[in-house]
Structures are given as structure tokens and as C-alpha cells.
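Take a look at the structure set out below.
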Amino acid sequence: MDQKDTDYSAKKEALLEQGLVSPQAQELITELETELDLLRKQNESFRKALRAKSAQTPRMSTKLRDALYE
């Protein structure tokens, strides 16, 4: 993701330098970047919670489970 962020930032700066972005579009881009950052943080939080939850549950292969229950 860092590479994509760098690419997007470079493209955004190039458009801003060329004056191809209106003030309204620049405001929208800023809002979207803020929202994207928030969603990334939430995603990472959810991933950590899922990893913690899955680490607590014992794992058993299907074949082993079926053999034990026979």
C-alpha cells in the first residue's frame, strides 16, 4: 500500500502544480484521503482482533476431527 500511496501523492502533486485541480476537487481529494486513512486504521484494527480471536480457538484438521468423532 505504501507504494500506491506514494504514486497517488506524486500524481496529486503533479496535477496541483499544473493547476489542473479546482479548489473544490482539491477539497474532495483531501476528504477522501482522510477517509481512506481512517478506513485503513479500522481495517488494521479488525485484522488484529480477528487474529487474536483465531489464535484462541484450537485448530484441528477435518480428517483428524472426523477420525476422532468416529
Query raised in the report: Mind ordering 49-58, 5-14 by average Cβ neighbours within 10 Å, highest first?
Result: 5-14, 49-58
Report summary line: The farthest towards the positive end of the charge dipole of the stretch 7-65, of the residues Leu20, Thr57, Ser9, given +1 on Cβ of Lys and Arg and -1 on Cβ of Asp and Glu, is Thr57
Report summary line: Charge tally for neighbours of Gln26 with beta carbon under 14 Å away, counting Lys, Arg as +1 and Asp, Glu as -1, is -3
Query - Given (1) -0.71, -1.05, -1.18; (2) -0.68, -0.88, -0.96; (3) -0.83, -1.03, -1.10, the label whose value is log10 I(q)/I(0) by the Debye sum over Cα atoms at q = 0.18, 0.23, 0.25 Å⁻¹ derived from this model - result: (3)
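About its Cα centre, how strong a charge dipole does the chain have in debye, to the nearest 20, once Lys and Arg get +1 and Asp and Glu get -1 at the Cβ? Let's see the in-between values first.
Working: 12 positive and 13 negative charges, 153 e Å.
So the dipole magnitude of the chain works out to roughly 740 debye.
If each residue of separation counts as 0.36 nm, what is the full-extension length gain between Ser61 and Ala49 once their alpha-carbon separation is subtracted? Present the calculation step by step, with values, prior to reporting the outcome.
Numbers: separation 12, 0.36 × 12 = 4.32 nm, distance 2.30 nm.
Going from the current span to full extension adds 2.0 nm.
Bear in mind these aren't lab numbers, they're just calculated from the coordinates by the rules spelled out. Keep in mind that this is a model prediction, so the values were computed, not measured. Note that each Cβ is placed from the backbone with ideal geometry, even for glycine, and that neighbours are counted across all protein chains shown.
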